[in-house]
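The values are calculated or read from the model by the stated rules, or taken from the named source; none is laboratory data. Here the structure is a predicted model, which is why all the values come from computation and not from measurement. Don't worry about glycine lacking a Cβ; one is built from the backbone with ideal geometry, like all the others, and counts go over all protein chains shown.
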């Protein structure tokens, strides 16, 4: 039954393992939901896994993007509830497709646990009445599929921490190296980094550095919606129209940075926050509140849209590189080499990746490693994370959130999810 799975621990394979199927749709709100089915040993180390992409229906994806915009407070809660039902019905169909593709229709239903993240509409851990608004209906998904479902991965962590990013809890298990410091860079809608200290596996640095794909994707959607496709170079129009994002960063590569706009946008207060308060929301870098007003204020509306996209892409890269250099200062000696691993959708944007690499190499010694060489898949790592959080919640294992803990919390541990059961 494990044909074509990625096998990491062959001696631990058996025919009665619990199988956790994670799903990540993320903050970039692209048109793909990433699914990873995985099994874990008693220590939470992956035994094997298999990945699947499922396309989100176009109309549903457009609704998700609409509710993810900064003006979403104007939208009735009933509309969000309706969208949650629509998204959950998509998950019902998608999970059943994945289960069928895995040839698990006859596998005991009690041994399969579904663990979707859901779609983040808003995440605000710094508000006095902190909250996270993620839509997916766990009980409905459990009832309609007949499988146990883990959702609400961030609600309990939010009580003791920023609850984002959550990736460091798995990264420290898989990538710690006692010989070298390790940096993992993730770019979905929002970018985050995890830094593992070679001298102490408990001293983890992990936080959101700022924007990643979200504002770039939104600008491209804006151009397409405003029928401004002709501003895009002819050779790039077809792939950008089809995918609705800057494929491989080719658009950014074709433009130039606008210094005045770069300086104004880099003045965003988020970039100067304390590290433990750095948990970003897509709306923090929404084009309608961050970019377009600056174009008007600086009288830059006449400038090339391509140059604007290049400028935003440069800010994404520079904010990540600056965060890494600043965070490594206290733990890196001059002679040591730091390993860097990229994952997430941004890892395909060659303009951003090359700019990050160039800036890092100007400051210290870095070794850039393809996640695939470490037996994991960059595009699906967050889906694997969701499977792992499902494993933790199912077994009532609390995760350590010291790296993003609230200042007044002395024991920042929480169980990352709530289990919903189908009727028996």
Subset of region 90-128 that is under 24 Å from the mean Cα position of the chain (by Cα) and in a loop (DSSP other than H, G, I, E, B) - its residue that is nearest to residue 77 (Cα to Cα): 118
Region 164-174, residues that are closer than 14 Å to residue 384 by Cα and in contact (Cβ under 8 Å) with a residue 60 or more places away in the chain: 166, 167, 168, 169, 170, 173, 174
Options 114, 105; residue that is free of Cβ contacts under 8 Å to residues at least 60 places away in the same chain and either touching a helix residue (DSSP H, G or I) at 6+ places or on another chain (Cβ under 7 Å) or exposed (fewer than 15 other Cβ atoms within 10 Å of the Cβ) (or both): 105
Index of the failed condition, residue 423 passing every other in (1) under 25 Å from residue 94 (Cα atoms); (2) more than 22 Å from the chain's Cα centre (by Cα); (3) surrounded by 16 or more Cβ atoms within 10 Å (Cβ to Cβ): (3)
Cross-chain or 6+ apart pairs with Cβ under 6 Å, region 285-302 first and within 13 Å of residue 264 (Cβ to Cβ), then outside any helix (DSSP H, G or I): 295/301
Count - residues of region 1-23 that are within 25 Å of residue 347 (Cα to Cα) and at pLDDT below 95: 1
Subset tally (residues that are modelled with pLDDT of 85 or more and out of contact with any strand residue (DSSP E or B) (no Cβ under 9 Å at 6 or more places or on another chain)) for region 64-83: 2
Filtered residue count, region 295-347, keeping only those that are under 26 Å from the mean Cα position of the chain (by Cα), modelled with pLDDT of 90 or more and not in a helix (DSSP H, G or I): 7
Condition check for residue 264: free of Cβ contacts under 8 Å to residues at least 60 places away in the same chain, outside any helix (DSSP H, G or I) and surrounded by fewer than 21 Cβ atoms within 10 Å (Cβ to Cβ): no
Selection status of residue 370, exposed (fewer than 15 other Cβ atoms within 10 Å of the Cβ), assigned by TED's automatic domain parsing to the domain that holds residue 253 and either under 21 Å from residue 385 (Cβ atoms) or modelled with pLDDT of 95 or more (or both): yes
Selection count where residues are touching a strand residue (DSSP E or B) at 6+ places or on another chain (Cβ under 9 Å), more than 15 Å from residue 167 (Cβ to Cβ) and touching a residue at least 40 places away in the same chain (Cβ under 8 Å), scope region 392-410: 5
Total residues in region 202-220, condition over 20 Å from the mean Cα position of the chain (by Cα) and within 23 Å of residue 344 (Cβ to Cβ): 0
Top-ranked residue in region 1-57 [being without any contact (Cβ under 8 Å) to a residue 40 or more places away in the chain and under 18 Å from residue 84 (Cα atoms); ranked as nearest to the chain's Cα centre (by Cα)]: 32
Members of region 349-378 found to be within 21 Å of residue 45 (Cβ to Cβ), touching a strand residue (DSSP E or B) at 6+ places or on another chain (Cβ under 8 Å) and in a helix (DSSP H, G or I), listed by number: 371, 374, 378
Strands (runs of 3 or more DSSP E) contained entirely in region 144-253, each with at least 1 residues that are more than 30 Å from residue 114 (Cβ to Cβ) and in contact with a helix residue (DSSP H, G or I) (Cβ under 9 Å, 6 or more places away or on another chain): 182-187, 190-196, 204-211
Residue that is touching a residue at least 60 places away in the same chain (Cβ under 8 Å) and surrounded by fewer than 23 Cβ atoms within 10 Å (Cβ to Cβ), where the choices are 338, 358: 338
